[in-house]
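The values are calculated or read from the model by the stated rules, or taken from the named source; none is laboratory data. Quick caveat, the model's predicted, so the values are computed rather than measured. Cβ: placed from backbone, ideal geometry, glycine included. Neighbour counts: every protein chain shown.
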Amino acid sequence: MVEEELRRLSDSINSLQAKVVDQNLGVLRLVELEEYQIPIGVKSISVTVTTDVMEVGLLLPWMSFTIVNDGAVTVYFAVNDRGRLQDQTGVDTMETNSVDMRYPVIEKIYLQAASATCAVRIYGLEGKRGFKDGH
């Protein structure tokens, strides 16, 4: 009878330990996710956009960016996936548009001017590399 009680107690302790370990791992994952939301740098890019699709590759992934259209025509842009840019978001003349993904998942920005050429400035927040690999 004592052995049976000890076995049940041991099983209960093992179960409790497993739950505590799972909870601690969950907390560690949440802390890691929060760390990915902290920017590690600020970058700016100035480009001349034409009617040909332009790909802007980023050395480190960005969390967010603001695009400023200094030109005389609308500029279309897409994030990570080129798609058909005219179906994407446009930035009108002398306007701005912002994208905030909260995590460093922006690796490429595609740009295309509606007609002619256009000067564009892009300001972005760099994030920690590895978010997509681990999550």
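Restricting attention to segment 69-80, does a residue exist that is in a strand (DSSP E or B) and either in contact with an Asp or Glu (Cβ under 7 Å, 6 or more places away or on another chain) or more than 16 Å from Val99 (Cα to Cα) (or both)?
Yes, segment 69-80 has at least one match.
Hey, any hits in segment 12-32 for a residue that's part of a helix (DSSP H, G or I), within 24 Å of Gly124 (Cβ to Cβ), at pLDDT below 95 and outside the structural domain of Thr117 (by TED's automatic domain parsing)?
yes
Mind checking which residues of segment 99-116 are surrounded by fewer than 15 Cβ atoms within 10 Å (Cβ to Cβ), within 8 Å of the chain's Cα centre (by Cα) and not in a strand (DSSP E or B)?
Arg102
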